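Report on one structure; see the data block that follows.
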Amino acid sequence: MNRLIALWRKETLALLRDRHGLAALFVMPVIFILVMTMALHDAFMPGAAIDVGYAIVDLDDTAHSQSLARRLNKTGSFRLADTVAQADTARQAIRDGRYALALVLPQGFGERLLAPAGADGQPTEPLTLMVDPTLNPALQLAFRNQTSAALGTLRADELTRKAGQLFGLPTTANAPERDWPDEIVSVAVQNDRSIRPPSSVQQNVPAWLVFAMFFVVIPISSILITERQQGTLQRLASMGLPFRLVLLGKLLPFFVVNQIQAGLMVGVGMFGVPLFGGEALVMPQGVGLLNWWLVAAAVSLAAVACALFVASVTRTTQQATIVGGVGNILMGAIGGIMVPKFMMPAAMQTLAEFSPMAWGLQGFHTVMLRHGDFAAILPDLLKLLACAAAALAAAIWLNHRHTA
C-alpha cells in the first residue's frame, strides 16, 4: 500500500507539471460545450425562429394570396425579408445574398385555390419556390412544409365559407383568419413522468464530458512514454514492482481528474450556458444523481484504461498523440458526440453502438432524460467496464511482451 501511495503521489506531481495536458482536459471541453450548445440551440427547440429570410412575389394580388402571405409570416419560423412585385427582382436578390428563399404566387392563385393540380380537369399553375443553392436542404424542406401547412389552413377556411353559403348558414364576407390549434404536442417519455423534449444543453454537456474524459490519453501517454524512455519503468521493475501496480498507480490520479472534469462541465451547463442565453442544465436528484455518477465513473475507468493501452502500444509521444487523438475523434464522430445520434442515418446509428463514447453518452441520457434506475444503466456500465478490463489486460500483456 505504501508503494501504491508513492506511485499516486508521483503521478499527481507529474500531472500538475503538464500544464498543456491539463489545459486540453479542462479548457477544451468548456469551449466545446458553450459553442456547440449555442450553435445547436434551435435544432433542439421545435418552433424556434430560424434566421433565414424569404420574400413573397405576389403576382395574383388577391385577398387569398395576401391571406397566404400573412399566414406564412404569422405562423412560420422563417423571417419575411421582403415583398416584391416581379420574380426577376427576387431572383437577383437571391443571387446578391439578401435572402435565401422566394415564394412566387402565380396569377389565378385565388381563383384556382380549391382546384389544386388541376383537380377539375383544367391546368393549375403551381407555386414556385426559388432557392439559394447553398441553403441547407433540410431548411428548404422545412419552408416547403410550412408553406403547405399555411396553404392547407387557407383552403380549409375557404371550404368552410363556401359550405356555409351552400347550406344557407350565416357567413361573413371578410371573416377573420382563424388560428388553428396545434393538435400535436411532443413529450419525452420517462420512467416516472413526461416532460418536454431534451434541449441542446442536455445533449452537449454529457457528450463533450465523455469526449473530454477520453482525452486523458494525451497526458497519460506522455508521462508513461517519458518514463519508459528515461528508464524509470526499468528501475521500478528492478525493484520488484510489477507493471500492473504501476498501471494501478496511474489509474487513481487520472480517475480523480475525470471526476473534477465532470463537476466542472456540469457547472458550466448549469451556470455558464444561461449567461449566453441558453437553457440551464437540470441534474437528477437523489438516487438519480448517484446513478449519474456511476456512469461517470465507468466512463472514466474505460477512458483511463484505453489511454494506458495506447501508451503501451506506442513508442513515442508523437505516435501516442496521433493514435490517441485520431482514435478519440473517430469514436466521437461515430458515437454521437459531434453529431447527435438521432440525426444520423440508420447505418451510422448501428455503427455507433460499437463506440465506447456512445455507451457513456447513452448512460448519461438514460439517467438525465429518462430518469432510468440502476437496472436501466447496467448494460452500458457493463460494456464500459468490460472495455476497461480488456484495455488494461492488453496493456499489461504488451508490457510483459516488451520486457521479454
*Take every DSSP beta bridge whose two residues both sit in region 51-175, then give the antiparallel share in percent to the nearest 5.*
30 percent
_Net charge of neighbours whose Cβ lies under 14 Å from the Cβ of Ile5, counting Lys and Arg as +1 and Asp and Glu as -1_ = +3
*asked:* Distances longer than 18 Å among the Cα atoms of region 51-175: what percent of all pairs is that?
replied: 55 percent
*Which listed residue (Thr317, Val217, Pro242) has the Cα farthest towards the positive end of the charge dipole for the chain, taking +1 on Lys and Arg C-beta and -1 on Asp and Glu C-beta about the Cα centre?*
Pro242
_Nearest-ten-degree value, helix 374-403 long axis tilted from longest Cα axis of the chain_ = 40 degrees
*asked:* Can you tell me what share of the DSSP beta bridges in the chain is antiparallel? A percent to the nearest 5 is fine.
replied: 40 percent
*If one computes P(r) from the Cα atoms of the chain, what percent of pairs lie at distances over 37 Å?*
44 percent
*Rounded to the nearest 20 Debye, what is the dipole magnitude of the chain about its Cα centre when Lys and Arg each give +1 and Asp and Glu each give -1 at the C-beta?*
2080 debye
*HN-Hα J in Hz across region 147-159 - Karplus 6.51, -1.76, 1.60, θ = phi - 60°, x for Gly and Pro*: 5, 4, 5, 5, 5, x, 5, 5, 5, 5, 5, 5, 5
*Dipole size in debye (nearest 20) for region 51-175 around its Cα centre, Lys and Arg Cβ +1, Asp and Glu Cβ -1?*
320 debye
*Express in whole angstrom the spacing between the alpha-carbon centres of region 341-404 and region 251-284.*
21 Å
*For region 229-304, just the Cα atoms, rotate onto the principal axes and tell me the three extents in Å, largest first.*
57, 29, 13
*What is the total of Lys pairs in the chain with C-alpha atoms under 30 Å apart, excluding same-chain pairs fewer than 8 positions apart?*
4
*Neighbouring Cβ atoms within 10 Å as the yardstick, rank Thr147, Thr232 fewest first.*
Thr232, Thr147
*asked:* Tell me the net charge near Ala85. Cut-off is 11 Å between Cβ atoms, Ala85 excluded, with +1 for each Lys or Arg and -1 for each Asp or Glu.
replied: -4
*Quickly estimate the mean residue ellipticity at 222 nm for the chain, helices only: each DSSP H run with n ≥ 4 gives -39500 (n - 2.57), and the total goes over all residues, rounded to 500.*
-20500 deg cm²/dmol
*With Cβ to Cβ distances under 15 Å as the rule, what net charge do the other residues near Leu361 carry (K, R +1; D, E -1)?*
+1
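Read the figures in this text as sums done on the coordinates, not as results from a lab. The model shown is predicted, which means the values in this text are computed figures rather than measured ones. Positions of Cβ are backbone-derived with ideal geometry, glycine not excepted, and every protein chain shown enters the neighbour counts.
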